[in-house]
Structure formats: C-alpha cells, structure tokens
Amino acid sequence: MPNVINYAEEWKDELLEVVIQGTLTSPFVTDNVKWLGAKTFHFTSTSTTGFKNHSRSGGWNRGTITQTDHPYTLEHDRDIEFLIDKLDVDESNLTASIEKVASNFVKTNAVPEIDARFYERVSEAAINAGKADAKALNTYTAQTIIGDIKGAIDKVRRYRNSLIVYIRTELMGLLETALAGKATISWSSVSDLEFSIETRVANVDGVPVFEVIDLDRFATKFDYTTGFAKSNVASQTQTDTAWQKLAGKDLNILVASTQTVQTVHKVVSIYWFAPGEHTAGDGYLYQHREAWDTVVFPNGKTNAVDSVYIQYVN
C-alpha cells in the first residue's frame, strides 16, 4: 500500500496562511471550534432575569437562568480532483509540483469562494432578520456616502467595536472623494501577514471600511455547481424565506461583527497519488476537499440575529 499523506495536514500553517492572505473576510476565519457531531457544532446562549426589589425584612428574590442550545450543521462540503499526466510533472521536483497545484487552486478558486459564501450567509441572516434595505447604485453620491455608511453602522451600533464594513468599489471611489483633505484612505493589508491581500481601507466612526473590488463574489446568493456564480434562482425547498425572494442581488454595503460571525473549517484534505498508486490514469492524481461554512450567531440575551446588516442593489 502506498503511503498516503494528507498534504493539508502537512502544510497546515502554509495553507491557512494562503487563505488568510487571499480573502477579504479573513478576520472572520477561525479554527477555534469544538465539533460535537459528525457535521454539527453547538452554541449555547444564556439569559437571566433581572433584579427585583429587595425586602429589608429578609429573604432573596429568586431569578431564573435560561440556556438555549443552538446546533449548527455544516452545509458547504466541496471537493475536486485533477489528473496531471506524468510527462507534465518534473519527477525530480514532485513536492514543488504538489505545492504549486495546491497553491494555485486555493488562490484562484477556494479563497474567492470563502468570500462569496461569507457574503451569502451574512446576507441570508440579515434579510431574514429584517436588517436589509434596497438602494439603487446611482443614488449614492460623494455628498451622501459618509451618511450612508454611518446609517448602515447605526443599524448594528451596539457591536461597533467589532464591526467591519464592506462596500463595492464604486462606493469606495465616492468615499475617497468625500474624505479628500479630511482623512486618508490607504491601501492596507486585511490581515497581519507580510504578503496579505491589499485593498483600499477607510475609517468611518472608528469602524474599518474595506473595498470589495471583485464584485463577482459580492452578492446575496450563489450557485455552486461548478465553482461559484451569482444565482437568482430560489431553492425549491426554501421559496418562502425572505432571503430566497432576494436571490442574486448585488450588494452595495455589508456590515458584520467579528464577535458573532465566524467562518469555520471542519475538513481540509489534499491528497497526491503517483502513477501506479491509483487507477484513474497514467499520471499524478490531485484530490482536494474542504468542508466549511460561515455561521451568524444570535445574541445571547434574546436569541435574535442583530449583528449584521446589508444594503443591496435595488
């Protein structure tokens, strides 16, 4: 039997670094999740009753504690394989070839899909919670854009210290005009890594505002048949949800809290088989699987989703 290595485990730090470097939503990526079931992890919210009037004649008022279990089932399970003819592989540099294939696929396919899935899941939560508004793109102006962004932040202001705002590239151009001579918009890294992806970043009311340049990933719903693409087709099993009715809308502004929104990975597997170690053909076989999803948690007091907001194109 050949020695089958899961290269995702061998290169865990390097591959995670590629993900963090290449995705605008890297502040929300976490691996600090305890999985309690095959595809499910649990979040427990706790709420308590408040004070009551104290009696000086003695005794204490008894309150109640309510704990609610929220199971989250992983729904985004993806895989792909490529057969590379052995004549196309330099056998003296096999490891570099593996790394090159994996790195190229992660940067050009896996990373953009992480962003798309994030925007989709946040949009779904925001729309179903009534925290979404429509606005025509041509109604934004340099004179109103600061107010538009402040208005979006106000929708979830209680989370202000952990908020991140994403805006489409046209709106960042308006914001740059509005802030001319008042504040600086700089090209900045999304994460702290040396080679992190750079984009224009502004600051409004102390909240970072990131520009989304690749608008093909900035929408409310996607089809994942091959890669990902914007979809305006409602699911046959969920046609009654508010989110389904707004399928495939382009986004103008998206606001989310790093406290309550997380992208979690369950499985990242990469396998590489040499000729003779498989029966798929005369070449090297590359296999890649990732099971992950973005989750929007409710608050711990009322179990309501109140930490995300979107403005979509009318």
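The values are calculated or read from the model by the stated rules, or taken from the named source; none is laboratory data. Predicted model, so just to flag it, every value in this text is computed and none were measured. Note: ideal-geometry Cβ built from the backbone for every residue, glycine included; neighbour counts use all protein chains shown.
Within the bounds of the range 162-169, is there any residue that is closer than 21 Å to H288 by Cα, out of contact with any His (no Cβ under 7 Å at 6 or more places or on another chain) and of a type in the set (S, T, Y)? The answer is no; no qualifying residue exists. For P275, the requirement of being surrounded by fewer than 22 Cβ atoms within 10 Å (Cβ to Cβ), within 28 Å of T108 (Cβ to Cβ) and at pLDDT below 95 is met. The number of residues in the range 6-64 that are on the phi > 0 side of the Ramachandran plot and modelled with pLDDT under 80 comes to 0. Going by the structure shown, is G130 small (G, A, S) and part of a loop (DSSP other than H, G, I, E, B)? Against the criterion (small (G, A, S) and part of a loop (DSSP other than H, G, I, E, B)), G130 qualifies.
Residue-by-condition table, conditions (1) in contact (Cβ under 8 Å) with a residue 60 or more places away in the chain; (2) crowded, with 21+ Cβ neighbours inside 10 Å; (3) under 22 Å from A219 (Cα atoms); (4) of a type outside the set (A, V, I, L, M):
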site	(1), (2), (3), (4)
A152	yes, yes, yes, no
S162	yes, no, no, yes
E170	no, no, yes, yes
L175	no, yes, yes, no
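Report, ordered by the first and then the second residue, all pairs with beta carbons closer than 6 Å, sequence separation of six or more or different chains, a first member in the range 47-72 that is in contact (Cβ under 8 Å) with a residue 60 or more places away in the chain, and a second member that is surrounded by 10 or more Cβ atoms within 10 Å (Cβ to Cβ) and part of a strand (DSSP E or B). If the second residue must be surrounded by 10 or more Cβ atoms within 10 Å (Cβ to Cβ) and part of a strand (DSSP E or B), the pairs left are S47/T66; T68/S45; H70/F43; Y72/F41; Y72/V295.
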